[in-house]
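Each remark here refers to the structure printed beneath this line.
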Amino acid sequence: MSFEELKTAYTAAGQSQVFTFYDSLDESAQKSLLSQLGSIDPARVSRIAATVLSTSPEDSSKSTEIAPLPETSTASTLTASKGELKVWEENGMALIAENTVAVVLLAGGQGTRLGSSDPKGCFDIGLPSHKSLFQLQAERIISLQNLVEKVTGKLEIVIPWYIMTSGPTRGPTEAFFKKNDYFGLAIENIKFFEQGVLPCIDNSGKILLEQKDKVAVAPDGNGGIYRALVQEGVLKDMEERGIKHVHAYCVDNCLVRIADPVFLGFATSRDSLVATKSVPKRSPTESVGLIVSKGGHPAVIEYSEISPEMAHQTLDSGELAFRTANIVNHYYSVEYLRTIPTWTDNYLPYHVARKKIPCVDLSSGAPISPTKPNGIKLEQFIFDCFPQMELTQFSNIEVLREDEFSPLKNKVGTVGEDDADTSRADLLKQGKRWVEAAGAIVDEILLGVEVPPIVSYVRRRGTRVCKW
Ligand code: UTP
């Protein structure tokens, strides 16, 4: 698009401030600004801004009945019978053996709270081996492929790994994999793809300039996965490979059980389009998102959307009625992912994340490094598509937190939880439980044992966990 065309489009959308410094730029800076402006649809940004700025956070929750998911949509590995677990696991392994299962890693976040300059997946949580989160996950994939080959007798089993990055994380992520020889995985079975970005806006919806010749942009949230799966050709690649089932998970969970056969077997036994894993809430007041039924549809809500009475409500079993803490660990049928183009643009809402966004003062041209939030990043959330489903198309399985969830969010010494120290401790404690269950005697002074994932994809045998 020419300068005139862009100027007209941005002016019509009320965003002509992006040209404030245009005349003072040299030719190459003008070119680079125009090229970036050409990749943005200013009318769409203004439309999204107008919507988010006119919606109060309460709007979405008001007068909609919230209830725990019905029993018909749920199960728990903590209470399931040995027989059920066995059937789910065997069925899940059969799906993997048919090469119909893929995994999608959400690794586009900027990890602001962790404060590392590298992508989170490169982070060393301080294990004796100093393996990165990416390496732990790669080893689990190799290990599961080997296990399924061994159990089913099928050969050449492949679980393709699709890694969603973003503008800031793509380059360093790919370089890290290359430097580490893709951790032993075949390069043709790893596909990096990139989620979209959206301009950052000020509190009145105007696009912010990061520099005189550059618009401030940020990844469009983990809900950007849907648009990216289609636009980046991931769904097409899955279809070409005959993939029918997808496990998606977050990069920062060191305990993540990738492509868990039990989860796959459970979700498919319910004919679910989408399924989630949850862990029991630690306490009634823990501030975690909850997977519930809202207005008769599956949904994830903020902990603050239920009253204190509801938060404390218990079942006959003594368990909390609302205990399904969301850990962003999802099953998708490819059948469901095929429908993305029909809803990703007009159904998924954008959310406001108020952040400190470095930008340029439009009147003086001076750089601003804000000390408090001065603008808005626009984000979609991965779970916002759930409510368009019927409860019968969705299911949730509860799993043991200490075996499956320990997220790396914060820098050590800041919040005191969900940091490298807790991640490492949880992984090592799990290793200790495993080797003890396998008959080893571990010295009491040892707080944990590192069991390499490459030799230890965990299996469930009834309520007992064992390794191969
Ligand atoms: P978080 O919401 O915890 O964000 O991401 P983050 O980037 O890791 O950390 P903060 O909030 O900046 O401190 C949960 C998961 O969603 C992914 C992250 O990579 C992580 O796996 N994510 C988040 C994306 O893939 N894209 C995004 O735009 C945001």
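Quick check: is even one residue across the range 93-100 closer than 18 Å to Tyr249 by Cα, crowded, with 21+ Cβ neighbours inside 10 Å and within 14 Å of the ligand (Cβ to nearest atom)?
Checked against the condition, which is being closer than 18 Å to Tyr249 by Cα, crowded, with 21+ Cβ neighbours inside 10 Å and within 14 Å of the ligand (Cβ to nearest atom), the range 93-100 yields no hits at all.
Of all residues being open to solvent by 20 Å² or more (accessible area, probe 1.4 Å) and of a type in the set (D, E, K, R) in the range 404-430, which is nearest to the chain's Cα centre (by Cα)? Just the residue, please.
Here the answer is Lys409.
From (1) at pLDDT 95 or above; (2) within 16 Å of the ligand (Cβ to nearest atom); (3) surrounded by fewer than 21 Cβ atoms within 10 Å (Cβ to Cβ), pick out the condition that doesn't hold for Ala248.
(3)
Quick one: count up the residues across the range 1-18 that are part of a helix (DSSP H, G or I) and either free of Cβ contacts under 8 Å to residues at least 12 places away in the same chain or closer than 10 Å to Lys214 by Cα (or both).
6
Asp271 is checked against (1) away from the ligand (no atom under 16 Å from the Cβ); (2) of a type in the set (Asp, Glu); (3) in contact with a strand residue (DSSP E or B) (Cβ under 7 Å, 6 or more places away or on another chain) and fails just one. What number does that condition carry?
Against the list (1) away from the ligand (no atom under 16 Å from the Cβ); (2) of a type in the set (Asp, Glu); (3) in contact with a strand residue (DSSP E or B) (Cβ under 7 Å, 6 or more places away or on another chain), Asp271 comes up short only on (3).
Quick check on Gly233: is it touching a residue at least 60 places away in the same chain (Cβ under 8 Å) and either closer than 22 Å to Ile340 by Cα or open to solvent by less than 10 Å² (accessible area, probe 1.4 Å) (or both)? Even if it seems obvious, please write down each step before you answer.
Details: touching a residue at least 60 places away in the same chain (Cβ under 8 Å): no; either closer than 22 Å to Ile340 by Cα or open to solvent by less than 10 Å² (accessible area, probe 1.4 Å) (or both): yes.
Criteria not met by Gly233.
Name the residues in the range 103-115 that are more than 8 Å from the ligand (Cβ to nearest atom) and surrounded by 15 or more Cβ atoms within 10 Å (Cβ to Cβ), would you?
Within the range 103-115, Val103, Val104 meet the criteria.
Mind checking which residues of the range 187-225 are touching a Pro at 6+ places or on another chain (Cβ under 6 Å), under 14 Å from Pro168 (Cα atoms) and open to solvent by less than 30 Å² (accessible area, probe 1.4 Å)?
Matches in the range 187-225: Gln195 only.
Could you count how many residues in the range 347-373 are of a type outside the set (A, V, I, L, M, F, W, C), open to solvent by 40 Å² or more (accessible area, probe 1.4 Å) and over 21 Å from the mean Cα position of the chain (by Cα)?
The total comes to 10.
Tell me which residues, restricted to the range 107-160, are under 20 Å from the mean Cα position of the chain (by Cα) and of a type in the set (A, V, I, L, M).
Within the range 107-160, Ala107, Leu114, Ile125, Leu133, Leu136, Ala138, Ile141, Ile159 meet the criteria.
Among what's in the range 303-324 and is in a loop (DSSP other than H, G, I, E, B) and under 22 Å from Gln393 (Cα atoms), pick the residue that is most open to solvent (accessible area, probe 1.4 Å).
Going residue by residue through the range 303-324, those that are in a loop (DSSP other than H, G, I, E, B) are 306-307, 313, 315-319, 321-323.
Okay, now just the ones that are also under 22 Å from Gln393 (Cα atoms), so 321-323.
Numbers: Ala321: 13, Phe322: 5, Arg323: 47 Å².
Step by step, filter the range 303-324, then rank; the result is Arg323.
Please work out which residue is nearest to the ligand (Cβ to nearest atom), limiting yourself to the range 215-239 and to residues that are of a type in the set (Gly, Ala, Ser) and farther than 19 Å from Pro349 by Cβ.
In this case the residue turns out to be Ala216.
Looking at (1) more than 16 Å from the ligand (Cβ to nearest atom); (2) open to solvent by 40 Å² or more (accessible area, probe 1.4 Å), find the lone condition where Leu391 falls short.
Just one mismatch for Leu391, condition (2).
Of the conditions (1) at pLDDT 95 or above; (2) among the hydrophobic types (A, V, I, L, M, F, W, C); (3) assigned to a loop (DSSP other than H, G, I, E, B), Val87 satisfies every one except a single condition; which number is it?
Every listed condition holds for Val87 apart from (3).
Check Arg460, Arg433 and return the single one that is more than 28 Å from Ala49 (Cα to Cα), at pLDDT below 95 and open to solvent by less than 60 Å² (accessible area, probe 1.4 Å).
Only one candidate qualifies: Arg460.
Tell me, yes or no, whether the range 56-75 has at least one residue that is surrounded by 14 or more Cβ atoms within 10 Å (Cβ to Cβ) and free of Cβ contacts under 8 Å to residues at least 60 places away in the same chain.
There is no residue in the range 56-75 that is surrounded by 14 or more Cβ atoms within 10 Å (Cβ to Cβ) and free of Cβ contacts under 8 Å to residues at least 60 places away in the same chain.
Of all residues being assigned to a loop (DSSP other than H, G, I, E, B) and within 16 Å of the ligand (Cβ to nearest atom) in the range 326-366, which is farthest from Val288 (Cα to Cα)? Just the residue, please.
Pro358
All but one of (1) farther than 30 Å from Thr64 by Cβ; (2) within 16 Å of the ligand (Cβ to nearest atom); (3) open to solvent by 10 Å² or more (accessible area, probe 1.4 Å) hold for Val288, so report the exception by its number.
Evaluating Val288 over (1) farther than 30 Å from Thr64 by Cβ; (2) within 16 Å of the ligand (Cβ to nearest atom); (3) open to solvent by 10 Å² or more (accessible area, probe 1.4 Å) leaves (1) as the failure.
For the range 130-156, name all the residues that are closer than 22 Å to Glu90 by Cα and charged (D, E, K, R).
Across the range 130-156, the qualifying residues are Glu139, Arg140, Glu149, Lys150, Lys154, Glu156.
Just checking, does the range 252-260 include any residue being open to solvent by 30 Å² or more (accessible area, probe 1.4 Å) and either in contact with a strand residue (DSSP E or B) (Cβ under 7 Å, 6 or more places away or on another chain) or at pLDDT below 95 (or both)?
No - not one qualifying residue is present in the range 252-260.
Out of (1) open to solvent by 10 Å² or more (accessible area, probe 1.4 Å); (2) in contact with a helix residue (DSSP H, G or I) (Cβ under 9 Å, 6 or more places away or on another chain), the odd one out for Phe134 is which?
Of the numbered conditions (1) open to solvent by 10 Å² or more (accessible area, probe 1.4 Å); (2) in contact with a helix residue (DSSP H, G or I) (Cβ under 9 Å, 6 or more places away or on another chain), the odd one out for Phe134 is (1).
The values are calculated or read from the model by the stated rules, or taken from the named source; none is laboratory data. Everything numeric in this text was worked out from a predicted model, so none of it was measured. With ideal geometry, Cβ positions are generated from the backbone for all residues, glycine too; neighbour counts draw on all protein chains shown. Surface areas here come from the heavy atoms of the whole protein model, side chains and all, with no ligands, DNA or RNA. Shrake-Rupley method; radii C 1.70, N 1.55, O 1.52, S 1.80 Å.
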